[in-house]
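The values are calculated or read from the model by the stated rules, or taken from the named source; none is laboratory data. It should be emphasised that the depicted structure is a prediction, and the values quoted were computed from it without experimental measurement. Backbone-built Cβ (ideal geometry, glycine too); neighbour counts: all protein chains shown. Keep in mind that these areas ignore ligands, DNA and RNA; they rest on the heavy atoms of the full protein, side chains included. Shrake-Rupley method; radii C 1.70, N 1.55, O 1.52, S 1.80 Å.
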Amino acid sequence: TPQDSWWKSATAYQIYPRSFCDSNGDGIGDIPGIISKLDYLAELGIGFIWLSPVYRSPMADNGYDISDYQDIAPEFGTREDFDRLLAGARERGIGIVMDLVVNHSSDEHPWFIESRSSRDAGKRDFYVWRDPADDGGPPNDLQSFFGGPAWTLDENTGQYYLHLFDRKQPDLNWENPAMRREIWKMINWWLDRGVAGFRMDVIDLIAKEIDRGIIADGPRLHEYLQEMHRETLAGRDIVTVGEAWSANTENALLYSGQARNELSMVFQFEHVTQQWDGKLGKWKPRPFDLAALKRVMNKWQLALADDGWNSLFWGNHDLPRAVSKYGDDKRWRVESAKMLATVLHLMKGTPYIYQGEEFGMTNAAFSRIDQFKDLETLNFYDLQTAAGVAPEDFIAGANENSRDNARTPVQWSSARQAGFTTGTPWIDINPNHSEINAAEALQDPQSIFTHYRCLAKLRRELPVIVHGDYQPWLEEHPQVFAYSRHLDDQTLTVVANFGDRELQLEVPEAMRAEGRGLIANYEDRNVIGARLSLQPYEAFAILS
Ligand code: ISL
Ligand code: CA
């Protein structure tokens, strides 16, 4: 039954291939490198991998600009390498979920090359073309997410084309059924090869209606997703997760409701954007506010309690590293990383571990702008310094929220180049790999890795984690995150100190419990009495 879909008791792991593991010394992670780490991932106990794009691409946006949806980028390997990865993962009970980037393609995709060749090209309407405004400039003042105008003039045909991201990422025109049919064919080609599903890049943008000023969550969005389901996903035992920055608790069920025949779940970002400055966005982060974070996470747990399904994540390839953003990546790194994992992974939904999170990798702390490689960061550096922001202030903000924080190479060992490459890495490796690395974590029974492995095992074994209802406690407490899960006669209670100060807690009667300690980042506990004293970043769970 849908209640017991395999992806509800699985823990996911996101791989950003460029930064995961380099097998041939060119400083760029690749598919053979991923294959060499499949035993490590099986040891962690994950059920599927979300693989960021590995398709042929000019790499303007590190693969989120695709020039051939059915071929593998040479720097990542060959189709045979991919088939070996798929088989190797399947042998270990791990599915491969591909990244579907179909809001836009690369400007080097044959479709766009044909589309831009002439105004009456067969594929002209695969993309969004508009005449210049009366003054010859862009059709309107729409801005790209990466800064600057969202329109670029194509001299050859005298029209502008739309790109919500980089100019090398022209938006596909979803109003065109012929274009949609090409997408369905490509999706089925991958599903027939045995992939376990798709993460869908900015899927809430595909139904944009530019002339009406609609960018996200357009009127035909769910029509397109239901057509996609009918034409490709239906009847297959796969998982789909749509990236939807515009998702909220009102529209979330439209994507993942059981009867909707659209997606399994979405990535929503309310807990992320609540920390951003209203005007300067991610480049001017607000101070951390636990009560605000709890309000958002509790709201989502309750909104999808009986239908639909949550994704659970702290980070990904676009976000800062969890322990740096929400924990303490210095004095209390191990304790706070384990606390964050405990709070997130015992909620209702599918948890996603971002590569390196499982052993507490931290943000980069670059000192020079030339160390950053992400075009979004570099574009906004130019725009904001030109507008008067001091370079060191921008770099300070980028060290908190630039996407490059998540893209420094995975630190496999304390060896030179962290065991990531034998060559020169495409982006600087964090010097703290000397003490923060997977090898060290695998040796230490008290490591963050061991904690994540335990959480994934608990999720596979305890129905209360997958199906139990959700009851928040102490909602307004400024430092404690606590909740219970109930299923039949079982109660799972989670308590976490989100701060570096020891505290005494008065426990509400209904929250008290006595039972079996499931996991803890200090000594095990099996009782929650009327009063609790919590160590810095202490977190634990009790089954009663
Ligand atoms: O965080 C963001 C919103 O301002 C952007 O950094 C991010 O690009 C946005 O979340 C969309 O992300 C997805 O689409 C982009 C790609 O660069 C990101 O890596 C991908 O996750 C364009 O394909
Ligand atoms: Ca390589």
| note | Per the rule of 0.36 nm per residue minus the C-alpha distance, extending residue 367 to residue 277 adds in nm 30.2 nm
| query | Between the range 446-477 and the range 485-544, what is the C-alpha centre distance in whole Å? | reply | 12 Å
| Modelled FRET efficiency - R0 41 Å, residue 396 with residue 114, Cβ distances, 0.05 increments | 0.35
| query | the range 299-399: which GluC sites (Glu not before Pro) are DSSP loop and have at most 12 other beta-carbon atoms within 10 angstrom? | reply | none
| field | Share, in percent, of DSSP beta bridges within the chain that are antiparallel, nearest 5 | value | 60 percent
| the range 313-368-the range 22-49 distance, computed between alpha-carbon centres (Å) | 20 Å
| query | Is the shape of the range 436-490 rounded, prolate or oblate, going by the alpha carbon gyration tensor and its root eigenvalues a ≥ b ≥ c, with a/c under 1.5 for rounded and a/b larger than b/c for prolate? | reply | oblate
| task | Please list, or write none, the lysines whose alpha carbon is within less than 19 Å of the alpha carbon of residue 457, excluding same-chain residues fewer than 8 places away. | result | 8, 338, 348
| request: Can you tell me the relative contact order of the chain? Whole percent, Cα pairs under 8 Å, sequence separation 6 or more. | output: 13 percent
| request: Could you tell me, in Å, what Rg and Dmax come out for the Cα atoms of the range 69-197? | output: 17.8, 61
| note | Interchain or sequence-distant (5+) residues whose placed amide H lies within less than 5 Å of the amide H of residue 144 are 150
| query | When only the heavy atoms of the protein chains count and the probe is 1.4 Å, how do 75, 509 rank by accessible area, highest first? | reply | 509, 75
| To the nearest Å, what is the center-to-center distance of the range 162-202 and the range 241-266, using C-alpha atoms only? | 18 Å
| message | Positive end of the dipole of the range 111-198, charges at C-beta (+1 Lys, Arg; -1 Asp, Glu), about the Cα centre: which of 162, 188, 126 has its Cα farthest in that direction? | response | 188
| field | Solvent accessible area, Å² - residue 475, 1.4 Å probe, full protein context | value | 80 Å²
| Net length gained if the chain between residue 501 and residue 413 were fully extended (0.36 nm per residue, minus Cα distance) | 28.5 nm
| note | Put 342, 385 in order of accessible area, largest first, probe 1.4 Å, and you get 385, 342
| request: Calculate one ³J(HN,Hα) per residue across the range 484-497 by plugging θ = phi - 60° into the Karplus curve 6.51 cos²θ - 1.76 cosθ + 1.60, and present them in order as whole Hz with x for glycine and proline. | output: 10, 10, 10, 8, 6, 9, 9, 10, 10, 10, 10, 10, 9, 8
| query | Accessible area per residue of the range 467-543 at 1.4 Å probe, in Å²? | reply | 44 Å²
| field | Cα gyration tensor shape for the range 1-63, rounded if a/c is under 1.5, else prolate or oblate | value | oblate
| note | The simple spin-label model distance between residue 306 and residue 533, using points 7 Å out along Cα→Cβ, in nm, is 4.4 nm
| note | Along the range 306-322, Karplus-curve 3J(HN,Hα) (6.51, -1.76, 1.60; θ = phi - 60°) to the nearest Hz, with x for Gly and Pro, reads 10, 8, x, 7, 8, 9, 10, 7, 9, x, 6, 6, 9, 10, x, 6, 3
| message | What do you get for trypsin sites (Lys or Arg not before Pro) in the range 247-316 restricted to DSSP loop and a cutoff of at most 14 other Cβ within 10 Å of the site's Cβ? | response | 279
| field | Rounded tilt (10° steps) of 79-91 against the dominant C-alpha axis of the chain | value | 20 degrees
| In the chain, carbon and sulfur make up what percent of the accessible area (probe 1.4 Å)? | 48 percent
| remark: To the nearest 20 debye, the chain has a Cα-centred charge dipole, built from +1 on Lys and Arg Cβ and -1 on Asp and Glu Cβ, of 960 debye
| task | Return the distance in nm (one decimal) between the two label points of a simple spin-label model at residue 182 and residue 299, each offset 7 Å from Cα along Cα→Cβ. | result | 4.0 nm
| In nm, to one decimal, how far is the modelled label at residue 130 from the one at residue 236, with both set 7 Å along Cα→Cβ? | 3.4 nm
| message | Nearest 500 deg cm²/dmol is fine: what mean residue ellipticity at 222 nm does the chain get from its DSSP H runs of n ≥ 4 alone, each adding -39,500 (n - 2.57), divided by its residue count? | response | -7500 deg cm²/dmol
| said: Tell me whether the range 467-543 comes out rounded, prolate or oblate; compute the Cα gyration tensor, take square roots of the eigenvalues as a ≥ b ≥ c, and use a/c under 1.5 as the rounded threshold. | reply: prolate
| request: Please determine, in degrees from 0 to 90 and to the nearest 10, the orientation of helix 290-303 with respect to the longest principal axis defined by the Cα atoms of the chain, where the helix direction is its Cα long axis. | output: 80 degrees
| remark: Rounded to two decimals, the Debye log10 I(q)/I(0) of the chain (Cα scatterers, no solvent) at q = 0.10 Å⁻¹ is -0.83
